[in-house]
Structure formats: structure tokens, C-alpha cells
Amino acid sequence: PYKDWYFLRDGKSSYGDKFDYEAWSGYQVLPKLNVYHPDVRNHIFDVARFWLELGIDGWRLDCAADISPEFWNDFRRVCQETRPGSVLIGEIIHGDYNSWVDDYHRLHSATNYQLYKPLWSCLKDRNFFELRCGIASPPVSR
């Protein structure tokens, strides 16, 4: 009953399943969920509501850029309706952070790995040149 929750392919998985499925970055232990399927969306939203109602303040979302921005729009709406003021922080490794973060629809904040090293060098080694170059550089896309 859950086969449509995933992106199945012909063949067998490396675990000997009778089917194969798309996985995040090729890691078979992390199958890609079909977030376009209504049952998948509702299940994820129900999990979010459950934890928010228990009192968590928000979510830190791994690999947020690997899921459609439209999904995060809906996820944010569900979270804000359940617990106003909850926060969504997404892991964004590459790309334009501004396309994932905004005040009204998507993530509230995101990791910025492109600036991680320049910031570290600035604070640790007083290397302000690296920080200046990192800020001035256009976002790296995949």
C-alpha cells in the first residue's frame, strides 16, 4: 500500500528487495519520499503537528534543497498554523540561499556552508580577505 510513497525503478535494491528505488545521493538507506503524493504529505504534516503540539520550537531540516520549495511552503503553513512562531531552519549546501529563505513562505533561516570556512578564518585567523571574497562571490550551484 506504500509503494507510491517512493520513486520505484526496475530491478532489485542492493538489499535484495524485489524492487529498486531512488535514494538521496545514492544512499539506499535514505529512499526519496514522493512528497507530491497526498498521503506522504499528510503523513509528514501529521508528524510535524504531533511534535509541535508537544512543544518543540521548530525544525532543522536536512537536505532541504533536495525537496521542492513548494513543499516547504506548505510545510511552513502547517507548522505556523499548529504552533505560531515555530522556526524552520534548512540545510542548504549549495545555491542561492535567498531562494529558500524568506519572511513569509519558505524557511526562516538556512545553514550557509559556503560562508562557513570564510567566517571561521575571519574569526580564528583574522583573515578578512577570505570573508570579503566569500560574501562577494555568487552562490555556487550544483
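The values are calculated or read from the model by the stated rules, or taken from the named source; none is laboratory data. None of these values were measured; they are calculated from a predicted model. Please note: Cβ atoms are built from the backbone with ideal geometry, for glycine as well, and neighbour counts cover all protein chains shown. Please note that ligands, DNA and RNA were not included when accessible areas were found on the heavy atoms of the full protein model with its side chains. Shrake-Rupley method; radii C 1.70, N 1.55, O 1.52, S 1.80 Å.
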With criteria (1) surrounded by fewer than 12 Cβ atoms within 10 Å (Cβ to Cβ); (2) out of contact with any Asp or Glu (no Cβ under 7 Å at 6 or more places or on another chain); (3) farther than 30 Å from Phe129 by Cβ, Gly11 comes up short on (2)
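Restricting the search to region 1-27, which residues are of a type in the set (Asp, Glu) and under 20 Å from Pro38 (Cα atoms)?
Asp4, Glu22 - these are the residues of region 1-27 that are of a type in the set (Asp, Glu) and under 20 Å from Pro38 (Cα atoms).
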Return the only residue of Leu131, Leu107 being of a type in the set (A, V, I, L, M) and touching a residue at least 40 places away in the same chain (Cβ under 8 Å).
Leu107
Selection from region 72-92 of residues that are open to solvent by 20 Å² or more (accessible area, probe 1.4 Å) and either part of a helix (DSSP H, G or I) or in contact with a strand residue (DSSP E or B) (Cβ under 6 Å, 6 or more places away or on another chain) (or both):
Asn73, Asp74, Arg77, Gln80, Glu81, Thr82, Val87, Ile89
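Out of all the residues in region 42-60, which are in contact with an Asp or Glu (Cβ under 8 Å, 6 or more places away or on another chain) and either open to solvent by 40 Å² or more (accessible area, probe 1.4 Å) or at pLDDT below 95 (or both)? Outline the logic, then answer.
Just the residues of region 42-60 that are in contact with an Asp or Glu (Cβ under 8 Å, 6 or more places away or on another chain), to begin with: 45, 60.
Scanning region 42-60 gives a single hit, Arg60.
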Output the residues belonging to region 44-66 that are touching a strand residue (DSSP E or B) at 6+ places or on another chain (Cβ under 8 Å) and under 22 Å from Ser25 (Cβ atoms).
Ile44, Trp59, Arg60, Leu61, Ala64, Ala65
Among (1) farther than 30 Å from Ala136 by Cβ; (2) surrounded by 17 or more Cβ atoms within 10 Å (Cβ to Cβ), the one test that Lys3 misses
(2)
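Tell me, yes or no, whether region 95-115 has at least one residue that is β-branched (Val, Ile, Thr) and part of a strand (DSSP E or B). I'd like the intermediate steps shown before the answer.
If we filter region 95-115 for residues that are β-branched (Val, Ile, Thr), which is where we start, we get 101, 111.
Among the residues that remain, those that are also part of a strand (DSSP E or B) are: 101.
Yes, the conditions are met somewhere in region 95-115.
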Inspect all residues belonging to region 121-138 and state whether any of them is open to solvent by less than 40 Å² (accessible area, probe 1.4 Å), of a type in the set (Ser, Thr, Tyr) and over 29 Å from Lys3 (Cα atoms).
yes
